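Here is the structure we will look at, set down as structure tokens.
The values are calculated or read from the model by the stated rules, or taken from the named source; none is laboratory data. The structure displayed is predicted, hence computed values, not measured ones. Cβ atoms come from the backbone with ideal geometry, glycine included; neighbour counts cover every protein chain shown. All accessible areas refer to the heavy atoms of the entire protein, side chains included, with ligands and DNA or RNA removed. Shrake-Rupley method; radii C 1.70, N 1.55, O 1.52, S 1.80 Å.
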Amino acid sequence: MNKPLVAALASLAITGIGAAPAVAVPQTAKAAAVTVNFAGTVSLSNCSGSVIRFPNSADSDPALVLTNGHCLETGFPGPGEVITGQSSSRTFGLLNSSGSKVATLRANQVVYSTMTDTDITIYRTTTTYAAIKNSYGISPLTVSASHPVAGTAIKVVSGYWKTIYSCNIDGFVYRLKEGDWTWKDSVRYTSACNTIGGTSGSPVIDTTTGQVVAVNNTGNEDGERCTVDNPCEVDQNGNVTVRQGINYAEETYIIPACFTTGNVLNLSASGCTLPKP
């Protein structure tokens, strides 16, 4: 998992050389790239994240923050474990477009967290999208409800490191296995996104739509096979592929269907496929 290099989490830290080189974003007559910056991203004590909304969220709804399941402050959820409605007072540094911290947001609940099938934690904050916009001029990032497309130009925006990685979606992994955890239909980056420890939870943004299509979470550091910090790809026939130095993210298009009016989690909602407790 992409964790920062701090003592309490060093055993699960991914190290790296540094920021990826910039990659030119193709321009076409059909769609021009949008400007992607740090506005709406957050820094956590040990990870990155972003303030998110869904296509049907209202400005008056409580603002949500998305990061990884393995960034949960109470520890990694175990295989098969799903956490909902857990009290939290975690704080997040809200960043503006240039990456400067302009506010501290506070959670009052872990709405949802798991490392089963995916690797996400969603926090509910004590404020609303409208209040954030009125006070700081910052809008949330919208989570796309559509499956991402291979070849798409993306940016991985780390609030922890205040670094933006640019690359493309190389493809999708049927099963990505790391230690005791298995994730489904993961995003594999092209090599330019050489994300490092502390980038966990960074939003993966489609540069054409400006929407979040995945959340950054891991990479194979040492070339080992299916171990912690060394995820392996498993295809539908059980064949295993190891790609040292390649990094991955978990898709987010499945999340919006699980939230109803008022940004309320409803795992029984039609079309919701997130794992249930």
Within the stretch 218-233, of all residues that are among the charged types (D, E, K, R) and closer than 26 Å to K155 by Cα, the one most open to solvent (accessible area, probe 1.4 Å) is D222
Checked the stretch 107-122 for anything of a type in the set (D, E) and either under 12 Å from the mean Cα position of the chain (by Cα) or open to solvent by less than 10 Å² (accessible area, probe 1.4 Å) (or both); matches are D119
Checked the stretch 233-255 for anything closer than 26 Å to T126 by Cα and in contact with a Gly (Cβ under 9 Å, 6 or more places away or on another chain); matches are I254
Considering the stretch 57-72, residues that are in a loop (DSSP other than H, G, I, E, B) and within 17 Å of L141 (Cα to Cα), and then whichever is nearest to the chain's Cα centre (by Cα), we arrive at N68
Looking across the stretch 98-135 at residues that are charged (D, E, K, R) and assigned to a strand (DSSP E or B), the single one that is farthest from L72 (Cα to Cα) is K101
Filtering the stretch 234-277 for residues that are part of a strand (DSSP E or B), surrounded by fewer than 20 Cβ atoms within 10 Å (Cβ to Cβ) and in contact with a Lys or Arg (Cβ under 7 Å, 6 or more places away or on another chain) leaves a count of 2
Within the stretch 132-162, residues open to solvent by 40 Å² or more (accessible area, probe 1.4 Å), among the aliphatic types (A, V, I, L, M) and farther than 20 Å from A33 by Cβ come out as A145
- Hey, any hits in the stretch 73-94 for a residue that's open to solvent by less than 60 Å² (accessible area, probe 1.4 Å), in a strand (DSSP E or B) and under 14 Å from I138 (Cα atoms)? yes
>> Quick check on A214: is it of a type outside the set (F, W, Y), open to solvent by less than 50 Å² (accessible area, probe 1.4 Å) and under 15 Å from I120 (Cβ atoms)?
In response: yes
Scanning the stretch 59-84 for residues that are small (G, A, S) and touching a helix residue (DSSP H, G or I) at 6+ places or on another chain (Cβ under 8 Å), the one nearest to N266 (Cα to Cα) turns out to be A63
